[in-house]
Number of protein chains: 2
Amino acid sequence: MARREPISFPHLNAPPRLLLGPGPSQVDPRVLQVMGTPLIGHLDPSFIEIMDGTQDLLRYVFETENPLTIPISGTGTAAMETAVANMVESGDPVIVCINGYFGTRIAEMAARYGAEVRTLSRPWGEAFTADEIAQAMESQPAKIVAIVHAETSTGVLQPLEEIAQVVHQRDGLLLVDAVTSLGGVPVSVDDNGIDICYSGSQKCLGCPPGIGPITLGGRAVSVLNTRKTQVPNFYLDLTLLSKYWGEERSYHHTAPITSNFAIYEGLRIVAEEGLENRWQRHRRNAELLWSGLEELGLALHVPVDYRLPTLTTVRIPESVSDVQIRSKLLSDYNIEIGGGLGELKGKVWRIGLMGYSSRPENVLLLLAALERLLK
Amino acid sequence: MARREPISFPHLNAPPRLLLGPGPSQVDPRVLQVMGTPLIGHLDPSFIEIMDGTQDLLRYVFETENPLTIPISGTGTAAMETAVANMVESGDPVIVCINGYFGTRIAEMAARYGAEVRTLSRPWGEAFTADEIAQAMESQPAKIVAIVHAETSTGVLQPLEEIAQVVHQRDGLLLVDAVTSLGGVPVSVDDNGIDICYSGSQKCLGCPPGIGPITLGGRAVSVLNTRKTQVPNFYLDLTLLSKYWGEERSYHHTAPITSNFAIYEGLRIVAEEGLENRWQRHRRNAELLWSGLEELGLALHVPVDYRLPTLTTVRIPESVSDVQIRSKLLSDYNIEIGGGLGELKGKVWRIGLMGYSSRPENVLLLLAALERLLK
């Protein structure tokens, strides 16, 4: 029997965690502060200014001039689905490079939208070469090549420099997942010739999850504008979304105002620090972590040449219980790190140093706690 | 040429607005406060407690025992799409009742998912009878009948009492949009026999936009579990989502932690007030508004029998400029009300008294401001 009388539920209980897992990362206190701002309407002239400013800031952080650069009103997974749903039509040949969990996810999504998916595979912990991709496209053409820039499941940083050229020469579009790289390592959409790129707010941008930045270059916009079929997804339809975020301001959905305040402030902080400085900070703190882990006798899963500074995978020693160490880090020291995902479950820990979490004091504390627990 | 050096952007500018439009409504200060809480991880044991508590609270506010009752990580539009994407398979006959903008939107979405959509139409400002729906189903069966409980575009409250019976007797599912009613007027999912019901966080629940509560009853879950085809939407796939929100805790996406804090606190406030008390408050303040508007010589668009207490449509006098009055309300008094949508553009204003915005002092202030501006 349904109840309608007053009832009481326990207070929100959120212990003071240090978030050093694969995400979300710590939210910058300035971002938390703006999230307490009373709302304004989504059609308010002041909100329109925030929308425009956010798009300019996203162009700065993506390093692009792309007009179609917006924050999707959902998490990184929604941004991934936006990329796939809008670019793929039923029957389209798509190559997905899989060397971890998130490549697998792109392939699954593309299949849901009717793509003829071919996968290029590499062991979890390795990167792809431009040559491999060229060969795959030679053997059979593809409309889209999808690749993960920073594999959150493995800690691999995929070099992008030569891939766009290889893909464009064969009339393909390059779709790049930059969820765990944007704002932490160079993504450089225009310089790297990326056609479609998306990310999430909760990694190197220092915001809560819930916003998925995306940008589309001219080739991708042409593909969007010349689709033969309607995008089978209303919420993530980029044609409608670009009219909501563009000059027309046509109503599509109610923007999640507070999350938009957050991403605006988070991006302002990125711009104030400057991308170059921010990349250097992420690199410096990652190196501090890497040397510290090695001093503890732990082995890093990914060779330094393509090791991701924002997320480190470290092998769990044979003698040690994965779950017990992570539980004790959380219960004794309020530190969260991540376990392995998929193939690497039980084999590695995942340590994120992203956005506001990327600080030397966090590295020292984690190393000190690990040292005690691993004794 | 992309810039990587530090640059500065203007501070977030959010004037102190009183939100009395069609949504978002004012956010309860307690909700704003919890949004400043530092994050915890989405797999943190404390977050799991919040997830479970949120589902219990959603069952309270939906008045249901449905196990599958969760907050979608997107706005009300995402919740609408969740309902449609998971229930519709290509070729399914669907009846959509259209007496306003949001009925039209459901029909558009259902068509995107391949439904054979038939529409039942009523002028914008009227409600449907159970008889009409029975006749439509007799003339041609339908798998789903979709109807909007509270049409945000017209201010009509659709009676639901007899509709479920009519639909169920003819082997259909009743899908109800409760975006502008949940928490403000009785929705009573179980008592009304609603099979699929969804809402949004930013109306009568007093939270920012960004969360879309949804609930599915046993019949709807059976339909979900016996689909012939995969849901052509990964982000909103309820089978995956129910494993993320259920016992399995299988990773699907990163919950938008802060928005989840917000909806938990917002729902706690609803439960503390009690649904009956809350409905009465919304009714009382709406009646105060209605009599005040009539004293100003303004005509209400919807007859009192099916007039929605949470959103009032009032006709704009012929002699008055729609845009000018709304601009002056905003610029002179920081009050936001809504203009008409679709057929009613330029003909009505839309005044919302929802959630924390439903307060007698807000009604008096708006009436006083309107009186000055209409002189």
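Please treat every number below as a calculation from the coordinates, not as lab data. Quick caveat, the model's predicted, so the values are computed rather than measured. Reconstructed Cβ throughout: ideal geometry from the backbone, glycine too, with neighbour counts over all protein chains shown.
Assuming charge only on the beta carbon of Lys and Arg (+1) and of Asp and Glu (-1), the dipole of the protein assembly as shown about its Cα centre is about 580 debye to the nearest 20. Simple rule: put +1 on each Lys or Arg Cβ and -1 on each Asp or Glu Cβ in the protein assembly as shown, find the dipole, and look at A:Ile269, B:Ile48, B:Ser199; the Cα lying farthest toward the positive end is A:Ile269. So how far, in whole Å, is the C-alpha centre of the range A:130-186 from the one of the range B:4-49? Between the Cα centres of the range A:130-186 and the range B:4-49 lies a distance of 35 Å. The mean sequence separation of alpha-carbon pairs under 8 Å and at least six residues apart, normalised by the residue count of the range A:213-360, gives a relative contact order of 17 percent.
Taking the square roots of 5 times each eigenvalue of the Cα gyration tensor of the range A:1-70, largest first, gives ellipsoid semi-axes of 34, 22, 13 Å. Taking Rh as the Kirkwood radius computed over C-alpha pairs, what is the Stokes-Einstein D of the protein assembly as shown at 25 °C in a medium of viscosity 0.890 mPa s, expressed in µm² per second? My calculation gives 93 µm²/s for D. By the helix-only formula, in which each DSSP H run with n ≥ 4 contributes -39500 (n - 2.57) and the sum is divided by residues, chain B has a 222 nm mean residue ellipticity of -12000 deg cm²/dmol.
Anyone know which of B:Ala164, B:Ala150, B:Ala262 comes out most mobile in the 10 Å Cα GNM of chain B? Looking only at B:Ala164, B:Ala150, B:Ala262, the largest GNM fluctuation is found for B:Ala164.
Calculate the all-directions average of the projected area of the range B:209-264's alpha-carbon convex hull, and give it in nm².
Working: hull surface 18.8 nm².
Over every viewing direction, the Cα hull of the range B:209-264 projects on average to 4.7 nm².
Per-residue Cβ neighbour counts within 10 Å put B:Tyr251, A:Tyr264 in the sequence B:Tyr251, A:Tyr264, beginning with the fewest. Along its three principal directions, the equivalent ellipsoid of the range A:216-375 from the Cα gyration tensor extends over semi-axes of 41, 19, 17 Å, largest first. Name the most mobile residue of A:Gly342, A:Gly210, A:Gly172, meaning the one with the largest mean-square fluctuation, in a Gaussian network model of chain A with Cα contacts below 10 Å. In the Gaussian network model the winner is A:Gly342.
Among A:Ile144, A:Ile214, A:Ile48, the largest mean-square fluctuation in a Gaussian network model of chain A, built with springs joining Cα atoms closer than 10 Å, belongs to A:Ile48. Averaged over the residues of B:263-270, the number of partner chain Cβ atoms lying within 10 Å of the residue Cβ comes to 2. Residues A:His149, A:His301, arranged from fewest to most other Cβ atoms within 10 angstrom of their Cβ, appear as A:His301, A:His149. With 10 Å bins beginning at zero, the pair-distance distribution over Cα atoms of the range B:158-300 amounts to 10, 30, 34, 19, 6, 1 %. Listed values for the range A:176-188 are Karplus-derived 3J(HN,Hα) couplings in whole Hz (6.51 cos²θ - 1.76 cosθ + 1.60, θ = phi - 60°), namely 10, 8, 10, 4, 9, 10, 4, x, x, 9, x, 9, 6, and x replaces Gly and Pro. A point 7 Å from Cα along Cα→Cβ stands in for A:Gln140, and the other copies hold the same point at 4.0 nm, listed in rising order.
Residues whose amide H falls under 5 Å from that of B:Glu151, counting only those 5 or more places apart or on a different chain, are B:Val156, B:Gln158, with hydrogens built in the peptide plane. Per residue, the convex hull around the alpha carbon atoms of chain A comes to 168 Å³. Only the Cβ atoms of Lys and Arg (+1) and of Asp and Glu (-1) were treated as charged; on that basis the dipole of the range B:29-271 about its Cα centre amounts to roughly 520 debye. Per-residue shielding of A:234-242, expressed as the average number of other chain Cβ atoms within 10 Å of the residue Cβ, stands at 4. Residues A:Leu173, A:Leu374, A:Leu236, A:Leu120, ranked from the fewest to the most other C-beta atoms within 10 Å, line up as A:Leu374, A:Leu120, A:Leu173, A:Leu236. Its relative contact order, with pairs defined as Cα atoms under 8 Å and 6+ residues apart, puts the range B:29-271 at 28 percent. Express the relative contact order of the range B:186-285 as a whole percentage, based on alpha carbon pairs under 8 Å and six or more residues apart in sequence. Once normalised by length, the contact order is 25 percent. Remark: mean inter-chain Cβ contacts per residue of A:75-85 equal 4, using a 10 Å Cβ-Cβ cutoff to other protein chain atoms.
Taken one residue at a time, the phi angles of the range A:146-159 give Karplus couplings (6.51, -1.76, 1.60, θ = phi - 60°) of 10, 8, 9, 6, 10, 6, 5, 7, 10, x, 9, 9, 7, x Hz. Gly and Pro are set to x. Among A:Pro93, A:Ala115, A:Ile337, whose Cα sits farthest toward the positive end of the charge dipole of chain A (+1 at Cβ of Lys/Arg, -1 at Cβ of Asp/Glu, about the Cα centre)? Comparing the listed Cα positions along the dipole, A:Ile337 ranks first.
As a ratio to 2.2 N^0.38 Å, the alpha-carbon radius of gyration computed for the range B:66-169 takes the value 1.05.
If a spin label sat at a point 7 angstrom from the Cα of A:Glu272 along the line to its beta carbon, no backbone N atom of the range A:47-71 would be nearer than 14 Å. I want to verify the translational diffusion coefficient of the range B:37-105 in µm²/s; compute it with Stokes-Einstein, Rh as the Kirkwood radius over Cα pairs, at 25 °C and 0.890 mPa s. D = 165 µm²/s. Measuring from centroid to centroid over Cα atoms, what is the spacing of the range B:199-250 and the range A:265-280 in Å? If we compute the Cα centre of each part, the gap is 36 Å. Across the range A:292-357, the convex hull enclosing all Cα atoms gives 107 Å³ per residue.
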